[in-house]
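Quick note: the coordinates plus some simple rules give every number you see, no bench work behind them. A quick note: this is a predicted structure, and the numbers were derived from the prediction, not measured. Neighbour counts are summed over all protein chains in view; Cβ atoms, including those assigned to glycine, are modelled from backbone coordinates with ideal geometry.
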Amino acid sequence: AGRDGKVLRMVMFGKPGAGKGTLSSRLVKKCDIMSLSTGDILRQNILERTEVGVMAEELVKRGELVSDDIMLKILTNKLDTLHNQPWILDGFPRTLGQGKMLNEHLETKSIPLTLIVNLDVPDEVILARISDRYVHLPSGRVYNMSYNKPRVPGFDDITGEPLAKRPDDNPETFALRLNKFYEATSPLLEYYASQPSTGTKLITLKGSTSDEIWPQLDYVVRQAFPGLPERTEPKKRHS
Ligand code: AP5
């Protein structure tokens, strides 16, 4: 809990490839927090060929967004199992509609968002990173061939299973995802900025490398939530 007893309930906001997944997993490694990535949840559903997965596969591959109703259902089902635990949302909300639906859902449970982190990374930095990204699809662990290499090239550090390229990480689809961000997702920032009375802290972190952004994020979280328990043992499932 934070200084005033607030629990960390955070949205990690940013362009595709800004580092939401990478920075969330660093926080999860350090502190006892749950992270929910809607992208990872969808990719897992696609891998397991669930009803949601079959429906989402083509949309995700093309860089389109899955409908607000489906996303809200997937997310709230998971959130409701977490009770009063601290959590981070990575990749949700992604439209104004999702932001409003999330607020309504959290209001009914009396658990408002407490922190929104906006990662501000230049487009050209992101475009260069994406071609270097490899993922372990079952867990969502992310590697980068120049910045965060796996111990054995091509294989996951924890399971030893092969790494893959995401089907939506080619330059054409990535350009589309970036456009979608400007069109559908960035208006959410104005929405959150226009609600200062809710007590949710909104901060923007700027930078091009992890050396610039990670210490800022770590500082902000420790300042706002000094009681957040740090892990004594390393978390096994996420890198
Ligand atoms: P999702 O998986 O959420 O994709 P995204 O938002 O496009 O984000 P990414 O996973 O590409 O990037 P990231 O910011 O997590 O960056 P990362 O840490 O990997 O969604 C995929 C698709 O699912 C969507 O297009 C949509 O179809 C659907 N979807 C998901 N959520 C939805 C929703 N709510 N509504 C509707 N549809 C939804 O980092 C990127 C690379 O940079 C990596 O290689 C990494 O190693 C490297 N890197 C990261 N940080 C740094 C750093 N600080 N310095 C140097 N390199 C770094």
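What to note about this one:
- Excluding same-chain neighbours fewer than eight residues apart, the aspartates and glutamates reachable from K165 by a Cα-Cα span under 14 Å are D40, D132, D156.
- Anisotropy class of the chain from Cα gyration tensor, a/c 1.5 cut: rounded
- Based on Cα contacts under 8 Å between residues 6+ apart, segment 90-239 shows a relative contact order of 32 percent.
- Magnitude of the charge dipole for the chain, about its Cα centre and with charges confined to Cβ atoms of Lys, Arg (+1) and Asp, Glu (-1), is about 560 debye.
- Simple spin-label estimate for L127 and V152 in nanometres, 7 Å along Cα-Cβ: 3.7 nm
- In a reduced charge model with +1 at each Lys and Arg Cβ and -1 at each Asp and Glu Cβ, segment 33-154 shows a dipole moment near 460 debye about its Cα centre.
- Using the Cβ of S186 as centre and a radius below 15 Å, the other residues enclosed give a net charge of +1, where K and R count +1 and D and E count -1.
- Net charge in the neighbourhood of T76 (other residues with Cβ under 13 Å of its Cβ; Lys, Arg +1, Asp, Glu -1) is -2.
- Cα gyration tensor, segment 169-222 - rounded (a/c under 1.5), prolate or oblate: oblate
- Helix-only [θ]222 nm of the chain, DSSP H runs n ≥ 4, -39500 (n - 2.57) each, per residue, nearest 500: -12500 deg cm²/dmol
- Residue-span extension gain [Q195 to T108] - 0.36 nm each, minus C-alpha spacing: 29.5 nm
- Proximal lysine pairs, segment 20-157, alpha carbons under 28 Å, eight or more residues apart or interchain: 24
- Taking I74, I33, I88 as the candidate residues, the one with maximal mean-square fluctuation in a Gaussian network model of the chain, Cα springs under 10 Å, is I74.
- Calculated FRET efficiency for the pair Y182/S208, C-beta based, R₀ 22 Å, to 0.05: 0.70
- Full-stretch length increase - E233, K165 - with 0.36 nm per residue and alpha-carbon distance subtracted: 21.4 nm
- Extension gain, D32-D80: 0.36 nm per intervening residue step, less the Cα-Cα distance, totals 15.5 nm.
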